1. Which one is nearest to Thr90 (Cα to Cα), of the residues in segment 29-75 that are assigned to a strand (DSSP E or B) and free of Cβ contacts under 8 Å to residues at least 12 places away in the same chain?
2. Are any residues in segment 47-65 under 17 Å from the mean Cα position of the chain (by Cα), surrounded by fewer than 18 Cβ atoms within 10 Å (Cβ to Cβ) and of a type outside the set (Lys, Arg), and if so, which ones?
3. Can you run down the residue pairs with Cβ atoms below 6 Å, 6 or more apart or on separate chains, where the first is in segment 14-28 and on the phi > 0 side of the Ramachandran plot and the partner is part of a helix (DSSP H, G or I) and of a type in the set (Gly, Ala, Ser)?
4. Val53: at pLDDT below 95 and touching a Ser or Thr at 6+ places or on another chain (Cβ under 8 Å), yes or no?
5. Could you check segment 8-35 and list, in sequence order, the residues that are closer than 23 Å to Ala97 by Cβ and surrounded by 13 or more Cβ atoms within 10 Å (Cβ to Cβ)?
6. Out of the residues in segment 4-28 that are over 15 Å from Ile91 (Cβ atoms) and not charged (D, E, K, R), state the one that is modelled with the lowest pLDDT.
7. Of all residues in segment 94-114, count the ones that are in a loop (DSSP other than H, G, I, E, B) and free of Cβ contacts under 8 Å to residues at least 60 places away in the same chain.
8. Is at least one residue of segment 76-93 touching a strand residue (DSSP E or B) at 6+ places or on another chain (Cβ under 8 Å), in a loop (DSSP other than H, G, I, E, B) and surrounded by 14 or more Cβ atoms within 10 Å (Cβ to Cβ)?
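The values are calculated or read from the model by the stated rules, or taken from the named source; none is laboratory data. Predicted model, so just to flag it, every value in this text is computed and none were measured. Reconstructed Cβ throughout: ideal geometry from the backbone, glycine too, with neighbour counts over all protein chains shown.
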Amino acid sequence: MVKIEAIIQPFKLDEVKASLTSLGVEGVTILHVLGHAGPDGLKARYRGGEYHVDVPKVKLEMLVSSHRADEVIDAISRAARTGAAGDDGTILVYEIADAIRIRNGRRMEFALSD
């Protein structure tokens with residue numbers, strides 16, 4: 001089992017969700033986050049000063065079986081791609097050693113979203 005985290009542009013969220021739903025991936029956690037690119041990031045001017053601006057992003061987290069990971073990653077990549085210059089986001093993949101449901105102690109199989 002793997003955990004996939006995808007950080008995407010907010011306006012691509014509906015397309016990514018539709019793409020995941022078409023694959024049968026429904027257990028997705030969605031978080032609104034801010035991206036901070038440091039000195040090379042987006043800058044704004046206000047009253048003569050220059051400031052670094054944190055950029056709104058959306059982070060999706062899901063657990064899928066290892067044999068479906070590439071399929072899910074491809075679906076996210078296709079749906080989140082904007083075709084414009086700039087950062088379309090990042091996908092991170094982690095191996096999961098165990099997952100336990102607190103309510104009843106069930107392990108691993110309950111957590112899969114496919």
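1. Pass one, segment 29-75, residues assigned to a strand (DSSP E or B): 29-35, 43-46, 49-52, 55-64.
In the following step, the residues that additionally are free of Cβ contacts under 8 Å to residues at least 12 places away in the same chain were identified as 43-46, 49-51.
Values: Lys43: 21, Ala44: 24, Arg45: 28, Tyr46: 30, Gly49: 31, Glu50: 27, Tyr51: 24 Å.
Among them, the one singled out is Lys43.
2. Scanning segment 47-65 gives Val55, Pro56, Glu61, Ser65.
3. Correct list of pairs: empty, since none qualify.
4. No: the conditions fail for Val53.
5. Val25, Gly27, Val28
6. The selected residue is Gly27.
7. Quick first cut of segment 94-114, residues in a loop (DSSP other than H, G, I, E, B) only: 96-99, 101-106, 108, 112-114.
Those left that are additionally free of Cβ contacts under 8 Å to residues at least 60 places away in the same chain: 97-98, 101-106.
Total meeting the criteria: 8.
8. At the first step, the residues of segment 76-93 found to be touching a strand residue (DSSP E or B) at 6+ places or on another chain (Cβ under 8 Å) are 76-77, 80, 87-93.
Among the residues that remain, those that are also in a loop (DSSP other than H, G, I, E, B) are: 87-88.
Now restrict to residues that are surrounded by 14 or more Cβ atoms within 10 Å (Cβ to Cβ): 87-88.
Yes: segment 76-93 contains one or more residues that are touching a strand residue (DSSP E or B) at 6+ places or on another chain (Cβ under 8 Å), in a loop (DSSP other than H, G, I, E, B) and surrounded by 14 or more Cβ atoms within 10 Å (Cβ to Cβ).
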